[in-house]
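What follows is one structure encoded as structure tokens, with my remarks underneath.
Values in this text are rule-based calculations from the coordinates and carry no lab data. Computed from a prediction, not measured in an experiment: that's the story for all the values here. Counting neighbours? That spans all protein chains shown, and the Cβs are built from the backbone with ideal geometry, glycine included.
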Amino acid sequence: MFEALTHLQLQQYWWLIMSVVASGLVFLLFVQGGQTLIGTLGKTDGERTMVINSLGRKWEFTFTTLVVFAAGMFASFPLFYATSFGGAYYAWKIFLVCFVLQSVAFEFRRKKGNLLGQKTYEAFLYINGFLGVFILGAAVATFYTGSAFYRSEYNLSYWQTTSYGLEILLSPHNVSLGLAILFLARVLGAQYLLNNINVAVIRQRARRQVVVNAGIFLVFFLYFVTRLLLMDGYAYDPVTLQVFMEPHKYLNNFLQMPVSLVFFLAGVVLVLYGIFVTWIRHSIRGIWYSGPGTFLTVLALFFILGYNNTCFYPSSHDLQSSLTIQNASSSHYTLTAMSYISLFVPVVLGYIFYAWRSIDRRKIDEDDMKEGGGHHVY
Amino acid sequence: MTEHIDMALVNWSRGQFAMTAFIHWFFIPLTIGLTYIIAIAETIYVRTGDKEWERIAKFWAKLFGINFAIGVGTGIILGLEFGTNWANYSWISGDIFGAPLAAEGIMAFFLESTFIAVMFFGWGKVSKRFHLLSTYLVAFGASLSALWILVANAWMNYPVGMVFNPDTARHEMVDFWSVLLSPFAINKFLHTITSCFVIASFFVVAVSGWYIIKKRNLLLARRSMVIGASFGLVTSIFLTLTGDGSAYYVAQKQPAKLAAMEALYDGEEGAGLVAFGLIQPGKQVGDDRNDFVFKIEIPRLLSMLGYRDFNAFVPGANDLVYGNEQQGILSASEKIDRGRTALNALAGFKEARAAGDAAAADRAREVFEENYYYMGYGHLFDPESIIPNVPFIFYSFRIMVMLGFAFIVLFIAVLYMVVTGTIHRHRWLLWLGILAFPLAFLASMAGWVVAEVGRQPWTIQGLLPTMMSTSNINANAVILTFWLFLALLMVLLVAEMRIMLTAIRKGPDNYGKDPGGATGPSDDNNKETMGYNHTSKEGGRHV
């Protein structure tokens, strides 16, 4: 089946898969956003415990999606994996520490003998929520703005700064996406908790946080998108594969790929509608609009990043070193083999939906935190 | 391919990977092995309705949960480390190596993380059978995860199913099934996963043994010990069989590793297996000093195990370094020369391509392909460097093997005593069971030393040296992050061990949140005496 596809078609298929996983990941960052609201939504130990348990039942989905995104990029676009991780070294290592801290925080937080105390593990959740998400957003912004690396004729990459990725923070454009993703995650986190915890006072605070964080999110998001549409982008000739700067490349991509524009506009409208129903109609279902809206928006941003002869990991140091889905990908054979493995994705989504629904039938409340008999409480 | 080699970068990169991998390994065997123990206990509960079995399953699941989270956290470090610290390797082998990692994510990690949520939070919310199915799916997911990552690791030791593409300057996969089903990969998976089962079995035996010594939770301890010892006995026997398979495949593909495992310097026909020995201190490849101060050798067994032939020739380190014409073994110097020819041809191919000279490119490619097999050797400077650290590997191998056989005897003894109801009379055996848990870790880590240090100086056996595989960054960046991760992981490791020990001390009746005290069933085995009197310093809570 997949064997019949050309190498370029397989590369496009895998960019689609990775775009879907990345979009799912940004939606699932509601866990991280929720972590930054633990103290804001939970004023007592009991309330904080409910917030943490609500998030704790979902953190592994986000974590696993992150791992799958990284592994999928390794398998499908290994030159990206080598160039970005091996070059923006400090940025990715800090990001990694943020997620290692998260992995133990839920389980260890209230366990006796945990060495560091409850507050330290809660601080880990804040670090993961704030720093992890911000760095991820800023690093992804470099996919549009470029990084300083050189790629040799053997496809071995050499980063051109000794700050190894920390320099991404010097660009307001990169920082704006980092902050936009952070505040979006906080909006989604508040919406999720509003939906998942059946306690009036927490819901009241969560609703307020949706509105406050939505305002801040919109400022940074509009700044990022406006600059993106006005900037020159890294394009390449599909025949010669020569890279060149194209004025308004990303705006052109939206116009030349109407599907991405439709997804983008629909996504933004859904995110805003989710915020609207939370704020004005006092609905607890805002996450069901803003979540899919986030997914569609990110999907569109990944479409204009990788398709239409665009460099998805450009080099600001040497244009011809830039990475495209054509020069960074795995071979035809490997992408074909991987494509068969990708057929498992609908099965995975199916059982996640089923299992998630099974344990989420009942909302979290104070009684739920008291259940014993082996019931796991963080 | 690269201008210069920074050995500080290479060594610190190796150090960082070894450190993070070893700490990760502290958690993996329990994650993989305990799920089966939990599944067995839960199966009995579902079939019999005996609440004690439910309690046993929940108790081990609680300990599993403490261990699982940090295993996940340390795992992501390794996955990303391929990119951050081994960027050249990630490109040169990514076309083959990345696929199993992605398959692991899609097929195994989601299975594990989805159903672990049901396993932890689904009690009372889903049916008993669905909960049991979820437990099995977690066990299956963890094992499937191990399969994929071990397939990737096996390929590094036993590269198959690929060709080198001079255009992209990397190895590219041409046969997925030969990568997945390579005999080395299958054997490595079976050997490693059974080592996880053995370690987890000892964990159960150790904790249960401690309860028996303390005269607490006796019914839980006895039943758990029966499961642990039975599971451990079966899997430890299987472990020795797969160990034999490992040695066989090492002999076929990694003769330098085999020579180091046996401290075999001069090859011979009908080579004996050194059961134990003391290597001559300071012994080097090429010198004429005796190999051993003393050794106990089983005649011809090495030839038999390595080549299934009592009279087969087993090459020693000197044969591999200096060549053996009679046996048709090229010297390392000859391989280095051929490797350099391959690399020069590759460079010529690139130049010709850039200049648009197709004929010259074809000629260069032909030369390259003739010498491709030795390509990795072209990067080496020193012929002796093809032999890994002999004493380290020799002693590690013996620690692993001797402990492996001792474990079988110990499992038999524990199982016999616990089934006959006499184990509480043999405190020495219970203490031995407790001691065996760290020893099982020691054995498995020694096994990893043999596998990974024994692969040196290669990341991809014979094709890519470790020193060519790092990222092209400053060594200081790796040194800084080495200490950062060491400090972080040691703190988390100590925290995990303290939480685990506290949870074990508290026993099975401390379900749910800790500060609120026990909320589960109050006692398990007031009727269970195992010969003890009903007296306890713990207010009669358990005995």
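Details
- Converting phi to 3J(HN,Hα) with the Karplus coefficients 6.51, -1.76 and 1.60 and the offset θ = phi - 60°, the stretch B:133-144 yields 4, 4, 4, 5, 5, 5, 4, 5, x, 5, 6, 5 Hz in sequence order, with x at every glycine or proline.
- Helix B:475-506 and the longest principal axis of the C-alpha atoms of chain B enclose an angle of approximately 20°.
- The H on the amide N of A:S330, modeled in the peptide plane, is under 5 Å from the matching H of A:F77, each at least 5 residues off or on a different chain.
- Computed about the Cα centre, the dipole magnitude for the protein assembly as shown is approximately 4540 debye when only Lys and Arg (+1) and Asp and Glu (-1) carry charge, each at its Cβ.
- If R0 equals 51 Å, the separation of the Cβ atoms of B:F294 and B:E369 corresponds to a calculated FRET efficiency of about 0.55.
- Protection proxy ranking, peptides B:358-371, B:178-191, average beta carbon neighbours within 10 Å, highest first: B:178-191, B:358-371
- Other protein chain C-beta atoms within 10 Å of residue C-beta, averaged over B:459-472: 2.
- A simple rule links phi to the HN-Hα coupling: the Karplus curve 6.51 cos²θ - 1.76 cosθ + 1.60 with θ = phi - 60°, which for the stretch B:171-182 gives 7, 10, 6, 10, 8, 4, 5, 6, 6, 5, 9, 4 Hz, with x for Gly and Pro.
- According to the calculation over all Cα-Cα pairs in the stretch B:228-311, the P(r) per 5 Å bin from zero is 3, 13, 20, 21, 16, 12, 7, 4, 2, 1 %.
- Whole-angstrom gap from the stretch A:287-358 to the stretch B:172-193, using each part's C-alpha centre: 28
- Measuring between their Cα centroids, the stretch B:386-430 and the stretch B:40-108 lie 26 Å from each other.
- Under 5 Å, built H, 5+ apart or other chain: amide partners of B:F292: B:Q280
- Evaluated with a Cβ-only charge set (Lys, Arg +1; Asp, Glu -1), chain A carries a dipole of roughly 1380 debye about its Cα centre, given to the nearest 20.
- Computed over the stretch B:332-383, the convex hull of the alpha-carbon atoms projects to a mean area of 3.1 nm².
- The phi torsions of the stretch B:310-317, fed into the Karplus equation with coefficients 6.51, -1.76 and 1.60 and a -60° offset, translate into couplings of 4, 10, 5, 7, 10, x, x, 4 Hz, rounded to whole numbers, with Gly and Pro shown as x.
- Between 0 and 90°, nearest 10: helix B:218-253 axis offset from chain B longest Cα axis: 10
- Most positive-pole-ward Cα, B:G272, B:Y372, B:V390, against dipole of the stretch B:260-401 from beta carbon charges: B:V390
- Ranking B:A154, B:G433, B:A477 by Cα position along the charge dipole of chain B, where only Lys, Arg, Asp and Glu carry charges on their C-beta atoms, puts B:G433 farthest toward the positive end.
- With at most 14 other Cβ atoms within 10 Å, longest stretch of chain A clear of loop GluC sites (Glu not before Pro) (DSSP): A:154-365
- Taking all pairs of distinct alpha-carbon atoms in the stretch B:96-246, Kirkwood radius in angstrom: 17.9
- For the residues A:A91, A:A214, A:A82, a GNM of chain A with alpha-carbon springs under 10 Å puts the largest fluctuation on A:A82.
- Stretched out straight at 0.36 nm per residue, the stretch from B:A360 to B:F310 would grow longer than its current Cα-Cα span by 13.0 nm.
- The C-alpha atoms of chain B define a longest principal axis, and helix B:390-419 lies at about 20 degrees to it.
- When each full DSSP H helix of chain A is screened for a Cα extent of at least 27 Å along its own axis and an average Kyte-Doolittle hydropathy of at least 0.0, the helices passing are A:7-28, A:89-108, A:172-196, A:200-230, A:258-279, A:287-306.
- A helix-only calculation puts chain B at -22500 deg cm²/dmol for mean residue ellipticity at 222 nm, using -39500 (n - 2.57) for each DSSP H run of at least four residues, averaged over all residues.
- Per-residue mean of C-beta atoms belonging to partner chains within 10 Å, peptide A:86-96: 6
- Placed amide H near A:Y154: partners under 5 Å, 5+ positions off or other chain: none
- Simple spin-label estimate for A:Y273 and A:K370 gives 4.1 nm between the two label positions (7 Å along the Cα-to-Cβ direction from each Cα).
- Adding -39500 (n - 2.57) for every DSSP H run of four residues or longer, then dividing by how many residues chain A holds, sets the calculated 222 nm ellipticity at -21000 deg cm²/dmol.
- For chain A, with +1 on Lys and Arg beta carbons and -1 on Asp and Glu, the positive-most of A:Y223, A:I359, A:V348 along the dipole: A:I359
- Counting only Cα atoms, the size of the protein assembly as shown along its three principal axes is 87, 87, 48 Å, in decreasing order.
- For the pair B:T422 and B:L484, the difference between a 0.36 nm per residue extended length and the Cα-Cα distance amounts to 17.4 nm.
- For chain B, the spherically averaged projection of the C-alpha convex hull amounts to 28.3 nm².
- Within the same chain, aspartates and glutamates fewer than 8 places from A:K370 are excluded, and of the rest, those with a Cα less than 12 Å from its Cα are B:D514.
- Backbone N under 19 Å from the A:L16 label point (7 Å along Cα→Cβ), restricted to the stretch A:277-295: A:295
- Partner shielding of A:361-368 amounts to 1, given as the average count of beta-carbon atoms from other chains within 10 Å of each residue beta-carbon.
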